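Remarks on the structure that follows.
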Amino acid sequence: MKQLCYASCSTSSPVTLLEDLRNILSEARDFNHRHAITGVLYYADGHFFQCLEGNELILELLVEKLSKDSRHREIMIYGFKSIDQAHFADWSMKYVSRNSHALQYLNEQGQEKFRPFALNADQVEAFLVHLYDAQPDEAA
């Protein structure tokens, strides 16, 4: 099983953001359920951070699909890594909002605003641990 994490900037306007988030989550949950993919989406301060787990070929397909999605720009792929088990096994797509305890970790890293492109590999790993344990946000 592989894990893929990426970050991107949102192209949504403040008016369409909530609808776009709901659509992204709905589409992801449907696709992921059909393809045995699990994951988490974190959104804050105009940036997405997503971690997906499952079959490498399906994850590669998702990267291609993402590159064509007009709701994202400046996509940064952190890479694929092998994992023994899914960390988000209960979630076709868990959503964690800015107001989670993951924000405290980011603040400790000197981020007043979420800037995922500034995270190094160790910080991404530590951030993921916070997302594994975070309570999901049902608002979106």
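The values are calculated or read from the model by the stated rules, or taken from the named source; none is laboratory data. Source: prediction; values computed, not measured. Don't worry about glycine lacking a Cβ; one is built from the backbone with ideal geometry, like all the others, and counts go over all protein chains shown. Calculation scope for accessible area: heavy atoms of the full protein, side chains included, ligands and nucleic acids excluded. Shrake-Rupley method; radii C 1.70, N 1.55, O 1.52, S 1.80 Å.
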Filtering region 78-97 for residues that are in contact with a Phe, Trp or Tyr (Cβ under 7 Å, 6 or more places away or on another chain) and open to solvent by 30 Å² or more (accessible area, probe 1.4 Å) leaves a count of 2
Can you name every residue in region 98-114 that is over 13 Å from the mean Cα position of the chain (by Cα), of a type outside the set (Phe, Trp, Tyr) and surrounded by 16 or more Cβ atoms within 10 Å (Cβ to Cβ)? 100, 103, 106, 111
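Can you find even one residue in region 25-37 that is touching a His at 6+ places or on another chain (Cβ under 9 Å) and at negative phi?
no
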Test for residue 59: is it closer than 17 Å to residue 38 by Cα and touching a residue at least 40 places away in the same chain (Cβ under 8 Å): yes
Residues of region 8-23 satisfying the condition of being touching a residue at least 40 places away in the same chain (Cβ under 8 Å) and among the β-branched types (Val, Ile, Thr): 11
Among the residues of region 66-77, which ones are exposed (fewer than 12 other Cβ atoms within 10 Å of the Cβ) and acidic (Asp, Glu)? 74
Among the residues of region 51-65, which ones are closer than 19 Å to residue 22 by Cα and open to solvent by less than 20 Å² (accessible area, probe 1.4 Å)? 51, 52
Residue, most open to solvent (accessible area, probe 1.4 Å), within region 1-49, restricted to residues that are of a type in the set (Val, Ile, Thr) and farther than 25 Å from residue 115 by Cβ: 38
